[in-house]
Every structure is written in C-alpha cells, then in structure tokens.
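The block underneath contains the structure these notes are about, expressed in structure tokens.
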Amino acid sequence: MKIRIGVPILLFTCTVIGHSAPDPVPVFEESFNQANERIRYVNGATIGTPGTGLSGKLSDRAYISVPKTTEQDPQSPAGYATTVFAPEPMEAFTVTFWYLLEEQTPELQVPLSFASCTILLHRHGFEVRVGQPSGKDVQFVPGVKGPILDWTTAGRWIFAAITWERATNTMIFNQGTNDQVVTFMRDMKKPSAAEPATPRKNLDRAPEVIGNMHARGDRPIAGRLDNIRIFNRALNQHEIEGIRRADTENRAPEIR
Ligand SMILES: [Ca+2]
C-alpha cells in the first residue's frame, strides 16, 4: 500500500517543479493585426488587409512593404516604433519574427533594426549586429543555408529565432515554417567578451525600424513581416517552438 501511495506523490512533485520556471517576458511585441499608435508607417509601408498575416485568418494582418524602384531616396518604406523598447543595457535577448519575401533576395534587406540589434538578410543568410556601449557593433555572420529551406526562399513564411547572451557572447540561430517545427541552424561564439547590448549613441538618427534601416543606408524589405517579439533573455528551443506553434494558429503564446 505504501508504494501505491508514493507514486502519485512523486508525480505531483514533478508537476510542480515543471511549472516553476518563469515565463519569458516580451519587451517588444507587434502582431500588426490592427492599426495602433505604437508604429508609424511611412512611404508605402502599411498594415495589410485582413488575411494577409501568416495564419491567413481574417483577423490576422501583416506588415507589408513594396519598395519603389525610383532613385528618390530616402522615400523607402519603413515602420518606426514610437518608443524605445530597451533603454537599459541587455545581458541577453531573443528576437523572433516571421517574414515572407517577394522574391529570392538578390540584395541586402533589413527585416528589423532596433537599438540593440540590427538584423540583415542577404544572399548568404542572416547577419546580426549587436550594439555595444563603445559604439561599435559585434557582428555575427553565420552564412546559414539550412536543411529545411534557404533563409531567402521567396513566397513562403519563414520563422526566425535568434538568441544572444553576453556572458558567452554566443548567438544561436533557429528556423521554422508554418508546418515545420523549430530547428537549430547554427550557433556562433565570438572569442572576445562582449558588453551588454545597448541602444546606439546616435539613436536619434537610427531609430527602431521595422522593415528597413536608416542608420547606414536604406535597405527596405520587399515582402511581409509578422509577429515580431523581443525578449530580454535567451529562450530555449522548447520555448521558441511554443511561440512558433501559437503564431501559426493566430493565438497568443502562453507567455506573460
Ligand atoms: Ca499578424
């Protein structure tokens, strides 16, 4: 009898421990599902019509950008966050977002350029720059070509999740799609110790930009973005997969 009683107690204990880990907290989150005042859209960047978001449901919309092919720069599309999301130095972060390119990207395009982190997309994959207090960026250029599909495949929603930790100065790249779970792509560790990720000194000239960058040039993305989130710690792959799955169903991840 004692054994039969002991088993349920053990299971109960494990359940309690399993739920004790703190939930990740997004410090920035944008799903574009309805117009709001947190993002200012310029030069043709806009929120798409109902059903343009990654789930395809009518309640789901996306950021859409169709760059003009004129030489009248800087007339390129961009969305500006109206507030700085991370005024304090960050010891770690995770960026997750979805993108759909209009065509196999022949040139540099920038899905996101936030104060602490700029993400660039080009033929060889992602390049990520982490802002430092010294004003110099730490650059990670993994040149990822993945087993699922290329980062630059056009006409398909691709889920990207990138984590960085100052303690080890390691950046991890993960990828997924609507129907393929998050897969580890590559990690990169820089030999020198990094500083906390901080907003750049010239923040007035390099605001937080969606779908473009304005710090050093004009690199609008041609396509769509959806469900951008930034967390103030490096999430593990299980947590990232939970976000991907929730996004495909157009529901909020179980985070708070
Ligand atoms: Ca959306």
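The values are calculated or read from the model by the stated rules, or taken from the named source; none is laboratory data. The shown structure was predicted, so the numbers you read here are calculated from the model rather than taken from an experiment. Every residue, glycine among them, receives a Cβ derived from its backbone with ideal geometry; neighbour counts consider all protein chains shown.
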* Asked: Quick check, is GLY79 on the phi > 0 side of the Ramachandran plot and either at pLDDT 90 or above or within 16 Å of the ligand (Cβ to nearest atom) (or both)?
  -> no
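If you scan segment 232-244, which residues turn out to be assigned to a helix (DSSP H, G or I) and in contact (Cβ under 8 Å) with a residue 60 or more places away in the chain?
Just the residues of segment 232-244 that are assigned to a helix (DSSP H, G or I), to begin with: 237-244.
Correct list: GLN237, GLU239, ILE240, GLU241, ILE243, ARG244.
Please find, within segment 166-182, the residue that is nearest to GLU91 (Cα to Cα) out of those that are in contact (Cβ under 8 Å) with a residue 40 or more places away in the chain and surrounded by fewer than 19 Cβ atoms within 10 Å (Cβ to Cβ). First the steps, then the outcome.
Filtering segment 166-182 down to residues in contact (Cβ under 8 Å) with a residue 40 or more places away in the chain leaves 166-167, 171-174, 176, 178-179, 181-182.
Keeping just the survivors that are surrounded by fewer than 19 Cβ atoms within 10 Å (Cβ to Cβ) gives 167, 178-179, 181.
Numbers: ALA167: 8, ASN178: 30, ASP179: 32, VAL181: 27 Å.
This residue is ALA167.
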* Scan segment 35-56 residue by residue and report those that are in a loop (DSSP other than H, G, I, E, B) and within 9 Å of the ligand (Cβ to nearest atom). => GLY48, THR52, GLY53, LEU54, SER55
* Selection count, segment 57-70, where residues are touching a residue at least 12 places away in the same chain (Cβ under 8 Å) and not in a strand (DSSP E or B) -> 8
